[in-house]
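The values are calculated or read from the model by the stated rules, or taken from the named source; none is laboratory data. Here the structure is a predicted model, which means the values were calculated and not measured. All Cβ positions, glycine included, derive from the backbone under ideal geometry; neighbour counts span all protein chains shown.
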Amino acid sequence: MFGYVKPCKPELKVKEFDTFKAIYCGLCKQLSKTYGPLASLTLSYDFAFVAALSLGLSDQCGGFRKCRCVANPLKRKACVIPSEDLNFCASTAMLMVYYKIKDDLQDSRFWGKLRSLLLLPLAAAARKKARRLYPETDQVLSEVWVRQAVVEQENYPSIDRAADPTASALGKICETLSTDTRQKAILSRFGYLTGRYVYFADALDDLEEDQKRGGYNPFLARFSNRQASLQEIRDYAVGVLNLTIGELAAAYELLDLKRYKTILDNIIYLGLQQEIQVILQKGSHSNRKKGARQQTGVWSDHE
């Protein structure tokens with residue numbers, strides 16, 4: 001995924017931060033163990049969140065142990081003990097990396113395509129192993145990749161239709177985190193809304209870049225039939241994200257968590273909103289740079 005689902009660190013207690021870091025490091029270790037040391041470079045906060053959610057729902061948790069990290073081999077860090085939950089998250093992460101690289105091959109410019117071509121053999125090898133372990137997950141993501149490509153090629157103006165493939169994929173992935181029928185239904189809805197949030201957060205983050213290069217963006221497509229300022233489109237996107245967070249939080253409250261609730265509460269109620277503000281600040285910084293260039297005559301009028 002994209003790294004938009006993370007805790008609000010200043011609001012975490014020290015023990016909560018240490019626990020989340022141990023889950024993050026444990027997932028990193030699992031990636032390296034199963035898919036090789038380079039796989040740890042694909043680690044994202046989004047899948048650390050999925051790992052925390054999976055472990056939080058599980059009847060048992062193996063606990064933690066001290067491990068050495070390649071980034072800092074002299075210091076031993078606390079890591080959650082390897083488990084099926086972590087292996088599933090690591091494998092799903094590698095499958096998503098593979099399909100993201102395939103997507104970049106279609107959408108990127110020359111240097112982006114070149115980078116993707118260089119990474120594709122490694123990603124394809126990891127995908128082959130992950131598909132062998134979790135064939136249903138690979139099938140879900142394969143179908144999503146095709147559906148998402150159709151949406152972008154057709155330039156659909158419906159934001160709901162644009163977000164549906166990504167949201168559906170995460171809904172099906174989260175559904176597998178429990179065997180209880182009621183919890184599976186709740187997780188399906190929760191995962192769907194989380195995927196929707198991630199898709200829209202990424203679209204908001206890419207708004208200016210997509211406008212400049214003419215790439216597909218659901219919010220730009222939504223206003224394609226009339227003139228609208230970038231600020232108006234951005235305000236609309238923030239409103240959509242806030243509504244999505246509200247629905248997501250309602251589904252989250254129905255989950256039967258056995259551990260890590262305070263950490264997950266922090267992510268849902270503080271972290272998601274914090275990421276929106278981070279994206280908006282990046283856009284504001286870009287606008288300030290643009291204004292400075294216009295004042296010096298370097299920025300052309302049509303930009």
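If you check Glu209 against the conditions, is it among the acidic types (Asp, Glu), at pLDDT 95 or above and over 18 Å from the mean Cα position of the chain (by Cα)?
So Glu209 does not fit the description; no.
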Problem - Residue in the range 32-39 that is closer than 19 Å to Ile173 by Cβ, in a helix (DSSP H, G or I) and β-branched (Val, Ile, Thr) present - result: yes
Completion exercise
Of the residues in the range 1-44, those that are of a type in the set (Phe, Trp, Tyr) and crowded, with 19+ Cβ neighbours inside 10 Å come to Tyr4, Phe20, Tyr24, Tyr35
Exercise for the section: Tell me, yes or no, whether the range 233-249 has at least one residue that is surrounded by 14 or more Cβ atoms within 10 Å (Cβ to Cβ), of a type in the set (Gly, Ala, Ser) and more than 16 Å from Pro157 (Cα to Cα). Expected result: yes
Practice task
Scan the range 67-96 residue by residue and report those that are small (Gly, Ala, Ser), farther than 20 Å from Leu120 by Cα and either crowded, with 23+ Cβ neighbours inside 10 Å or in contact with a Pro (Cβ under 8 Å, 6 or more places away or on another chain) (or both).
Solution key: none
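Can we say Phe88 is in contact with a Cys (Cβ under 7 Å, 6 or more places away or on another chain) and touching a residue at least 12 places away in the same chain (Cβ under 8 Å)? Before you say what the answer is, go through the steps one by one.
Numbers: in contact with a Cys (Cβ under 7 Å, 6 or more places away or on another chain): no; touching a residue at least 12 places away in the same chain (Cβ under 8 Å): yes.
Criteria not met by Phe88.
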Completion exercise
Scanning the range 165-212 residue by residue, those small (Gly, Ala, Ser) and free of Cβ contacts under 8 Å to residues at least 12 places away in the same chain turn out to be Ala185
Handout entry: Residue count for the range 247-267, restricted to those that are more than 16 Å from Tyr199 (Cα to Cα) and either touching a Pro at 6+ places or on another chain (Cβ under 6 Å) or assigned to a helix (DSSP H, G or I) (or both)
Key = 11
Completion exercise
Log entry, pairs with first residue in the range 213-232 being at pLDDT 90 or above, second being assigned to a loop (DSSP other than H, G, I, E, B), beta carbons closer than 7 Å, six or more apart or on different chains, reads Tyr216/Asn155; Asn217/Asp206; Ala221/Asn155; Ala221/Tyr156; Ala221/Pro157; Arg222/Pro157
